[in-house]
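Below is one structure, written out as structure tokens, with a few remarks after it.
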Amino acid sequence: MNTFIILGFISAILYGIFVDGTYFKIYFSLVALYIVIFNFIFIDKKSIPKRKNITAVTWSSPSDPTSYIVVDLDVTKTLEFLKRIKQGFIKGIANNLCSEQQKEHRITMTHVMTKAMFLSNDRNRRDVGRIKWGHFQKCDKITCSILVDSGSGKDLVPVTLQEVQNESILDLARIINDKVQRAKSNQDKEHNEVTKLFGLIPNFILGVILTVGSYLGQCVGLSIPPLGIRGNAFGHAVLTNIGTMGLEQGFAPLPCPFHSMFIICSGKVMKKPVVIDGQIVIRDIMNTVWTIDHRYGDAALGLRFIKIFQDFTEDPENFDINKYPDCRTYDAPKDKKA
């Protein structure tokens, strides 16, 4: 939008030069009035340090609702769990965690964290939604996205899932692996259709199209196929795993076109010393950074999501969702505290 403001300003200058000089008379009169009032009458500039003047004129007022929460997860039990799945010695088949065909599929921390995202969102469903027409609107269906490298490092493709919280980890892995494979082989038709015109449209026009189109698709829920706009194409929550690149920690920005509530950036699992029962032991620790849009809630609300995500990711085999307050509706009865 800044481009259009600048173009409007240039147009006004050209009009003032070649058509009518009244614009400059009004403009410079207002500038002179501003200087007199705000630099000599209301403000004592002699008492203000120069560095404060510099910072005041180079930065604008804060308007970004982004907040960050850093959480270290002890995934020692989870790695053992995944190892047993790989070897085919899992006990939790009856608990909807995996099935008899487990040996045929590669299950990773990304799959575990994806299920954890859905469980946390489902349990707090009443607070999952979008900012629509300036107001929070609860969504009927929960979606989560995983950011996937296209394979060459040239592009990130969002793999979006909907209402899969009741799927087993194995079935979830099948769904994700299939979508990821299509994304990496450039066979994701929906993504290709949306992005095919990006190289042809000038950036200052593309910015407007993305801003308006993503708002209509994500916040309003409209689908306009000719324009490549799909309702709820991106998740309320987003996961990006930089641990696959060997990075231990990262602070990911909220993807603007997604209009997501938060994004989780997970790092590489590292062996670190921790204190347990007064003893120093070596554990497998994975760092996660939650980038949260504060408009959707404060820390008290966010911690409900984080607690479920953390507990499932740290020990999926023994996780019990019934331990946590049921916040799917505002009419839900009070559950016992976790």
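Tallying residues that are outside any helix (DSSP H, G or I) and acidic (D, E) within segment 68-87 yields 2.
Per the listing S61, S145, S47, the residue uniquely among the small types (G, A, S) and modelled with pLDDT of 85 or more is S145.
Residues that are at pLDDT below 90, within 24 Å of the chain's Cα centre (by Cα), under 15 Å from F319 (Cβ atoms) and assigned by TED's automatic domain parsing to the domain that holds V220 are absent from segment 126-141 altogether. Is it the case that P325 is part of a loop (DSSP other than H, G, I, E, B), within 25 Å of the chain's Cα centre (by Cα), on the phi < 0 side of the Ramachandran plot and surrounded by 14 or more Cβ atoms within 10 Å (Cβ to Cβ)? When the stated conditions are applied, P325 passes them.
Taken over segment 164-183, residues that are in a helix (DSSP H, G or I) and touching a residue at least 12 places away in the same chain (Cβ under 8 Å) amount to 12. Within segment 242-276, being in a strand (DSSP E or B) and either farther than 12 Å from V289 by Cα or modelled with pLDDT under 95 (or both) holds for M270, K271, K272, P273, V274, V275, I276.
Checked against (1) out of contact with any Phe, Trp or Tyr (no Cβ under 8 Å at 6 or more places or on another chain); (2) surrounded by 14 or more Cβ atoms within 10 Å (Cβ to Cβ); (3) in a helix (DSSP H, G or I), K307 meets all criteria but (1). Does R295 count as at pLDDT below 95, out of contact with any Gly (no Cβ under 6 Å at 6 or more places or on another chain) and in a helix (DSSP H, G or I)? Criteria met by R295. Screening I17 with (1) in a helix (DSSP H, G or I); (2) touching a Ser or Thr at 6+ places or on another chain (Cβ under 8 Å); (3) of a type in the set (A, V, I, L, M); (4) at pLDDT 80 or above gives one miss only, at (2). Say we look at segment 220-239 and pick out the residues that are aliphatic (A, V, I, L, M) and outside any helix (DSSP H, G or I); which of these is nearest to P255 (Cα to Cα)? Here the answer is V238.
The values are calculated or read from the model by the stated rules, or taken from the named source; none is laboratory data. Here the structure is a predicted model, which means the values were calculated and not measured. In this analysis, Cβ positions are derived from the backbone assuming ideal geometry, glycine residues included, and neighbour counts consider all displayed protein chains.
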